[in-house]
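One structure is given here, and the rest of the page talks about it.
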Amino acid sequence: MEFQNLLNTTHSMHRKLAMKMIADTGLTPGQPKILNYLYSHDGANQTEIAAACFIETASMTSVLNGMEAKGLVERRRQNGNRRTYYIFLTDKGKEMCRIIDAAFTEINEKVFVGISSEDVSFFMDVFERVYEQLAIMLEEL
């Protein structure tokens, strides 16, 4: 299988599995990665979140509106800045992060069953280098 097909297919299967595992949360496919980002960057602005999650800034507004309506995040202004809203997790959003993290931990544990720790380490090293190369290529565009 070619790299492009393998990457796309693997990503699709991973996303489908993850969404099935958290189906009872009511999250839409784009929301887990935003929650995950906010868990370690609480108080980020919309532009920062969009860049980190590879989501168009314009699309972020509707995604965040949906998350706010579900009580997962709240928008606040800070330090007298009346132009920019900062996005914070609510208690419900933090609990949702724990559910998502548990699902991803389970996937990570099961996906490498039967593969030696050395092979997993080698794979992760190579995959991280692929990621870094793609990031460089994207910056150059």
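The values are calculated or read from the model by the stated rules, or taken from the named source; none is laboratory data. Given the structure is predicted, the values throughout are model-derived calculations rather than measurements. Neighbour counts are summed over all protein chains in view; Cβ atoms, including those assigned to glycine, are modelled from backbone coordinates with ideal geometry. Keep in mind that these areas ignore ligands, DNA and RNA; they rest on the heavy atoms of the full protein, side chains included. Shrake-Rupley method; radii C 1.70, N 1.55, O 1.52, S 1.80 Å.
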Discussion item. Here are the criteria: (1) within 15 Å of residue 14 (Cβ to Cβ); (2) free of Cβ contacts under 8 Å to residues at least 24 places away in the same chain. Tell me which single one residue 81 does not satisfy.
Written reply: (1)
Discussion item. Among the residues of the range 76-135, what is the count of those that are in a loop (DSSP other than H, G, I, E, B), open to solvent by 100 Å² or more (accessible area, probe 1.4 Å) and farther than 30 Å from residue 25 by Cα?
Written reply: 3
Worksheet entry | Residues of the range 20-48 that turn out to be surrounded by 12 or more Cβ atoms within 10 Å (Cβ to Cβ) and among the basic types (Lys, Arg), as a count | 1
Worksheet item: Restricting to the range 23-38, what's the tally of residues that are under 20 Å from residue 54 (Cβ atoms) and outside any helix (DSSP H, G or I)?
Response: 4
Worksheet item: For the subset of the range 49-75 comprising residues that are part of a loop (DSSP other than H, G, I, E, B) and modelled with pLDDT of 95 or more, which member is least open to solvent (accessible area, probe 1.4 Å)?
Response: 72
Discussion item. Six or more apart or on different chains, Cβ atoms under 8 Å: show the pairs whose first residue is in the range 46-60 and among the charged types (D, E, K, R) and whose second is in a helix (DSSP H, G or I).
Written reply: 56/50
